[in-house]
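The values are calculated or read from the model by the stated rules, or taken from the named source; none is laboratory data. All values derive from a computational prediction rather than experimental measurement. Neighbour counts run over all protein chains shown; Cβ positions are idealised from the backbone, glycine included. When the accessible area is computed, the model is the full protein with side chains, heavy atoms only, and any ligands, DNA or RNA have been set aside. Shrake-Rupley method; radii C 1.70, N 1.55, O 1.52, S 1.80 Å.
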Amino acid sequence: MKFFVDTADLNEIKDLAATGMVDGVTTNPSLAAKSGKKFVDLIAEICAVVPGPVSAEVTALDHATMMKEAAVLKKIAKNVTIKVPLTPDGLKTCKALSSEGTMVNVTLCFSANQALLAAKAGAAFISPFVGRLDDIGYDGLELIADICQIYNNYEFKTEVLVASIRHPVHVLQAAKLGAHVGTMPPSTLRALFNHPLTDKGLKAFMDDWAKTGQSII
Ligand code: E4P
């Protein structure tokens, strides 16, 4: 399973990239706004740190303007993935861009039928939002199971990019379902490293080691 980090905070991205666990980055207009940076500069900075796919979202709502925005974003770096919303115009844009070999991430997916449409439009990634579904009383992970099954049935190449991940159990369940990618906030990625028994065990080992008075180097 690939791990993407869902943030526009460059310091967080650098810090986590150094762990070797970051395969890509997703941003959205809300995260970009929070960064306070010029969007094109922000994406260029992220692409310089992470060589994997970096999602940059168009902000137009109509196909023609989405294509113009995508042309600007694509020029930033080779690893820019154009993110489009799951709307008729977004999918039209997805089809046009993927036909010319550009990677597209279709975002704001909340149903399996929407995911089917995105795959038919040639999306490189589909982003179903599990946390936002859970928030309104639906089962976000059930949607992931449905999409994985449908994509397997038809051997679609579109990767399931589980988005709106809120905690490590989302990551675990998505991995058990065979989702290709999980994009998560920095805090969730960091939480994956932790276990109280690791901390407890390490402390006991270090205490015993200190008693030997030895040093390896
Ligand atoms: C994915 O690409 C989105 O940016 C993200 O996962 C949304 O997460 P949220 O529902 O926590 O805002």
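Give region 122-143 a look and list any residue that's of a type outside the set (Asp, Glu), part of a helix (DSSP H, G or I) and within 13 Å of the ligand (Cβ to nearest atom), or say none. Can you show your working first?
First, pick out the residues of region 122-143 that are of a type outside the set (Asp, Glu): 122-133, 136-138, 140-141, 143.
Adding the requirement that they be part of a helix (DSSP H, G or I) leaves 130-133, 140-141, 143.
Passing the criteria: Val130, Gly131, Arg132, Leu133, Gly140.
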### Query
Hey, Gly36 hits all of (1) more than 14 Å from the ligand (Cβ to nearest atom); (2) in contact with a helix residue (DSSP H, G or I) (Cβ under 8 Å, 6 or more places away or on another chain); (3) open to solvent by 10 Å² or more (accessible area, probe 1.4 Å) but one; which does it fall short on?
(2)
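Among the candidates Lys120, Lys83, single out the residue that is of a type in the set (Lys, Arg) and buried (at least 19 other Cβ atoms within 10 Å of the Cβ).
Working: Lys120 fails: buried (at least 19 other Cβ atoms within 10 Å of the Cβ).
Being of a type in the set (Lys, Arg) and buried (at least 19 other Cβ atoms within 10 Å of the Cβ) holds for just one of Lys120, Lys83, which is Lys83.
Here is a check on your reading of the model: is Val22 within 16 Å of the ligand (Cβ to nearest atom), of a type in the set (A, V, I, L, M, F, W, C) and assigned to a loop (DSSP other than H, G, I, E, B)?
Values: within 16 Å of the ligand (Cβ to nearest atom): yes; of a type in the set (A, V, I, L, M, F, W, C): yes; assigned to a loop (DSSP other than H, G, I, E, B): yes.
Considered against the rule, which asks whether it is within 16 Å of the ligand (Cβ to nearest atom), of a type in the set (A, V, I, L, M, F, W, C) and assigned to a loop (DSSP other than H, G, I, E, B), Val22 comes out as yes.
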### Task
Select from region 165-184 the residues that are outside any helix (DSSP H, G or I) and free of Cβ contacts under 8 Å to residues at least 40 places away in the same chain and write down the one among them that is nearest to the ligand (Cβ to nearest atom).
Arg166
### Query
For region 149-164, which residues satisfy the criterion of being more than 16 Å from the ligand (Cβ to nearest atom), touching a helix residue (DSSP H, G or I) at 6+ places or on another chain (Cβ under 9 Å) and not in a loop (DSSP other than H, G, I, E, B)?
Gln149, Ile150, Tyr151, Tyr154
### Message
Of the residues Ala119, Ala71, only one is more than 18 Å from Val162 (Cβ to Cβ) and either part of a helix (DSSP H, G or I) or in contact (Cβ under 8 Å) with a residue 60 or more places away in the chain (or both); which?
### Response
Ala71
### Query
Regarding Thr65, is this residue more than 16 Å from the ligand (Cβ to nearest atom) and either in contact with an Asp or Glu (Cβ under 6 Å, 6 or more places away or on another chain) or open to solvent by 30 Å² or more (accessible area, probe 1.4 Å) (or both)?
yes
### Message
Of the residues Leu202, Leu172, Leu192, Leu161, only one is surrounded by fewer than 19 Cβ atoms within 10 Å (Cβ to Cβ), within 20 Å of Asp139 (Cβ to Cβ) and of a type in the set (A, V, I, L, M); which?
### Response
Leu172
### Any chance Ala60 is surrounded by fewer than 20 Cβ atoms within 10 Å (Cβ to Cβ), in contact with a helix residue (DSSP H, G or I) (Cβ under 7 Å, 6 or more places away or on another chain) and of a type outside the set (D, E, K, R)
yes
